[in-house]
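Accompanying notes for the structure given below.
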Amino acid sequence: MSFEIVEIDGKIISPDLKTKHFICDLTVCKGACCVEGDNGAPLEKNELEIIDNLVEKVKPYLTQEGITAIEKNGAYQYDEKQKEYGTTLIDGQACAFINYEKGIAVCGIEKAYKDKVVDFKKPISCHLYPVRVTKIGKNEALNYEQWDICSAACVKGAQEKLPVYKFLKEPLTRKYGEQFYATLEYAFRNED
């Protein structure tokens, strides 16, 4: 059975969001998506000021290496190749905003949010992962990014039969609103 690309309000949604399954399994991956990769977490322009304003408040939630990287390089940097801002990395590897709990990389911003120290959960690109949003002219494309470090999440998602878009209900609603998510759910349900 093949599924069509769905377009809602200028957002082009890959059928992979319906056909692929996903549930993060931090006990297996140890938060590798915050540690691996060539770039920091992509940041939207409206998030830059938010990040600037919360740095001091979240420092108690970061590693000393992360604090040092932020103090030396700033909280984010512009990536010429990607043509976007991203969080600063520690020695070109882990996101400067992480910490570790029981050997698992966790987001210091999210920990501060849960403790009600800041009112920003985390960058939307992190919240939407494994979906990546790219600009196509005036439109946005939502694509599932399959990465081998998330193989356990794919297995767990398949066992629970949870499609990517259902796993990401909260961040999709956060970014695009309840009506968008309801329309997406309706479109995918009607493809069955």
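Per-structure values
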{"quantity": "Meets criteria (over 14 Å from the mean Cα position of the chain (by Cα), in the same structural domain as residue 38 (by TED's automatic domain parsing) and either under 15 Å from residue 25 (Cα atoms) or surrounded by 14 or more Cβ atoms within 10 Å (Cβ to Cβ) (or both)) for residue 109", "calculated": "no"}
{"quantity": "Residue in the stretch 5-16 that is in a loop (DSSP other than H, G, I, E, B) and hydroxyl-bearing (Ser, Thr, Tyr) present", "calculated": "yes"}
{"quantity": "Among residues of the stretch 135-150, those that are in a strand (DSSP E or B) and modelled with pLDDT under 90, counted", "calculated": "2"}
{"quantity": "Among (1) assigned by TED's automatic domain parsing to the domain that holds residue 54; (2) among the aliphatic types (A, V, I, L, M); (3) crowded, with 17+ Cβ neighbours inside 10 Å - the single one residue 168 does not satisfy", "calculated": "(1)"}
{"quantity": "Selected residue (criterion: surrounded by the most Cβ atoms within 10 Å (Cβ to Cβ)) from residues of the stretch 53-79 that are among the charged types (D, E, K, R) and over 19 Å from the mean Cα position of the chain (by Cα)", "calculated": "59"}
{"quantity": "Residue list for the stretch 80-98, restricted to those being crowded, with 18+ Cβ neighbours inside 10 Å and under 17 Å from the mean Cα position of the chain (by Cα)", "calculated": "84, 85, 86, 87, 88, 89, 94, 95, 96, 97, 98"}
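The values are calculated or read from the model by the stated rules, or taken from the named source; none is laboratory data. In this text, all values refer to a predicted model and were calculated from it rather than measured experimentally. A quick note on method: Cβ atoms are made from the backbone with ideal geometry, for glycine too, and the neighbour counts reach across all protein chains shown.
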